[in-house]
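For reference, the structure discussed in these notes is given below.
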């Protein structure tokens, strides 16, 4: 149950699973881009794309869940600027978590690369094959990536600040096995 001071199990599940997959995505994406052309490079991109679609679906489900449940309030002593920063950074994280897989999907589609998610579900093209569109989508994908990194650093840093400097429950209430 989600209360005014605690996140529920479903919210925590979405948070930590998506976080784990994002870090896997960062590693896979960096490895794939830097790997020499080979079957391994193609497999790295395959896993990167499959997990990217998975993240997109999970973020969509998380947003549906998020808007159907209440949000635990920030501590009452949280200054206004910090509240605004928290809301803005969460919004931008969602934009990046949606923008990255969508721009990757457009890139793959515009490059004319057919794809099946985890070797089973065909992913329909969402853009016509077009070199300029593929190049633009690649730049958008990279821009989202280079936006996501500082957002993640800020998000993790803020959680650690709440825990170690402000000594409140903001981090603790999102931990998987913390009940209150």
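FYI, it's all coordinate maths here, none of it is from the lab. Worth saying up front: this structure is predicted, and the values here are computed from it rather than measured. Counting neighbours? That spans all protein chains shown, and the Cβs are built from the backbone with ideal geometry, glycine included.
Regarding the range 160-171, can at least one residue be identified that is closer than 28 Å to residue 30 by Cα, assigned to a helix (DSSP H, G or I), under 17 Å from the mean Cα position of the chain (by Cα) and free of Cβ contacts under 8 Å to residues at least 12 places away in the same chain? Checking the range 160-171: not a single residue is closer than 28 Å to residue 30 by Cα, assigned to a helix (DSSP H, G or I), under 17 Å from the mean Cα position of the chain (by Cα) and free of Cβ contacts under 8 Å to residues at least 12 places away in the same chain.
Of all residues in the range 27-59, those that are under 11 Å from the mean Cα position of the chain (by Cα) and free of Cβ contacts under 8 Å to residues at least 24 places away in the same chain total 1. In this structure, is residue 108 in contact with a strand residue (DSSP E or B) (Cβ under 6 Å, 6 or more places away or on another chain), within 20 Å of residue 43 (Cα to Cα) and part of a helix (DSSP H, G or I)? Judged against the criteria, residue 108 is a match. Just to be sure before I move on: is residue 76 part of a loop (DSSP other than H, G, I, E, B) and either touching a strand residue (DSSP E or B) at 6+ places or on another chain (Cβ under 6 Å) or closer than 25 Å to residue 158 by Cβ (or both) in the structure I sent? So residue 76 passes the test.
Pairing each residue of the range 109-134 that is free of Cβ contacts under 8 Å to residues at least 24 places away in the same chain with any residue that is in a strand (DSSP E or B) and loosely packed, with under 12 Cβ neighbours inside 10 Å, provided the two are 6+ apart or on different chains, yields C-beta distances under 8 Å for 114/122; 116/122. May I ask you to say which residue of 120, 133 is surrounded by 11 or more Cβ atoms within 10 Å (Cβ to Cβ) and over 18 Å from the mean Cα position of the chain (by Cα)? Exactly one of 120, 133 is surrounded by 11 or more Cβ atoms within 10 Å (Cβ to Cβ) and over 18 Å from the mean Cα position of the chain (by Cα), namely 133.
State yes or no: is residue 102 assigned to a helix (DSSP H, G or I) and either more than 18 Å from the chain's Cα centre (by Cα) or surrounded by 13 or more Cβ atoms within 10 Å (Cβ to Cβ) (or both)? Spelling it out, residue 102 is indeed assigned to a helix (DSSP H, G or I) and either more than 18 Å from the chain's Cα centre (by Cα) or surrounded by 13 or more Cβ atoms within 10 Å (Cβ to Cβ) (or both).
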